[in-house]
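These notes concern the structure reproduced below.
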Amino acid sequence: MNGSLGKLMRNSLPLSKKAEAKITENRRLRWSRLAEARKLCMGQRVVHCNWTPVSYVVEIWKSRSGKPSYFRAVATCGSVWMCPICADKITAKRQAELKQAVENAKMMGLTVYMFTFTVGHKRKDSAEDVLHLMLEAVRKLKGRKFWTRIRSRLGIVGSVTNLESTFSEDNGTHAHLSLIHI
């Protein structure tokens, strides 16, 4: 483990029992979902994620800070959509990168704008149809002179697009598209 990272981890405040229990439960849920994904996605790389060795020796590593142990030298799929383990790691990395981009923009005196799009839908609506409608609407919006004028007026120099899928009992699966402009 990197020395400065280990020092940083040892100096962090201890978690409450409730917070630790929540983290443990979330970890169990992710691993349970990975097991289900393996069953449902035969032939996909998620089947091998955190399961198939990529070396003759598979190591178990444990951090000094009390964080969970983990395997080294096992395959990972890198799928943000099918694998709850990889999705969690990728999401955390992307969040850190976006946070850094926003901080850098602010230090340069730039303003950050966020636009979020969704489409009204019912539970019976197909998630694929709702996603297609939303992406088509955003594509049309971005193709209009109105959008070009807004970008020019606001002095937008770059953007990040975030597409996420959510689920609720009332409305089923649906997508949200966020555009973060700097």
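Restricting the search to the stretch 48-75, which residues are more than 23 Å from the chain's Cα centre (by Cα) and not in a loop (DSSP other than H, G, I, E, B)?
Pro53, Glu59, Ile60, Trp61
Looking at Arg38, Arg27, which one is in a helix (DSSP H, G or I), surrounded by 11 or more Cβ atoms within 10 Å (Cβ to Cβ) and touching a residue at least 40 places away in the same chain (Cβ under 8 Å)?
Arg27
Can you tell which of Lys93, Lys99, Lys89, Lys145 is over 23 Å from Asn26 (Cβ atoms) and open to solvent by 90 Å² or more (accessible area, probe 1.4 Å)?
None of the others qualify; the one that does is Lys145.
Condition check: at pLDDT 90 or above, more than 24 Å from Glu164 (Cα to Cα) and open to solvent by less than 70 Å² (accessible area, probe 1.4 Å). Does Val74 satisfy that?
Here the answer is yes, as Val74 does meet what is asked.
Of the residues in the stretch 116-126, how many are out of contact with any Gly (no Cβ under 8 Å at 6 or more places or on another chain) and either in a helix (DSSP H, G or I) or open to solvent by less than 60 Å² (accessible area, probe 1.4 Å) (or both)?
3
Could you list, in sequence order, all residues of the stretch 79-109 that are touching a helix residue (DSSP H, G or I) at 6+ places or on another chain (Cβ under 6 Å) and among the basic types (Lys, Arg)?
none
When residues of the stretch 104-115 are filtered for being in a helix (DSSP H, G or I) and open to solvent by 80 Å² or more (accessible area, probe 1.4 Å), how many remain?
Total satisfying the criteria: 2.
If you scan the stretch 49-67, which residues turn out to be open to solvent by 90 Å² or more (accessible area, probe 1.4 Å) and closer than 20 Å to Pro84 by Cβ?
Listed by number, the residues that qualify are Trp51, Lys67.
Scanning the stretch 110-167 for residues that are within 24 Å of Ser79 (Cα to Cα) and among the acidic types (Asp, Glu), which turns out modelled with the lowest pLDDT?
Glu164
When you look at Leu131, is it open to solvent by 40 Å² or more (accessible area, probe 1.4 Å) and either aliphatic (A, V, I, L, M) or within 24 Å of Leu34 (Cα to Cα) (or both), yes or no?
Yes.
Could you check Glu97 against (1) at pLDDT 90 or above; (2) in a loop (DSSP other than H, G, I, E, B); (3) among the charged types (D, E, K, R) and say which number it fails?
(2)
The values are calculated or read from the model by the stated rules, or taken from the named source; none is laboratory data. The model shown is predicted, which means the values in this text are computed figures rather than measured ones. Every residue, glycine among them, receives a Cβ derived from its backbone with ideal geometry; neighbour counts consider all protein chains shown. For the accessible areas, the whole protein counts, side chains as well, though only heavy atoms, and no ligand, DNA or RNA atoms are used. Shrake-Rupley method; radii C 1.70, N 1.55, O 1.52, S 1.80 Å.
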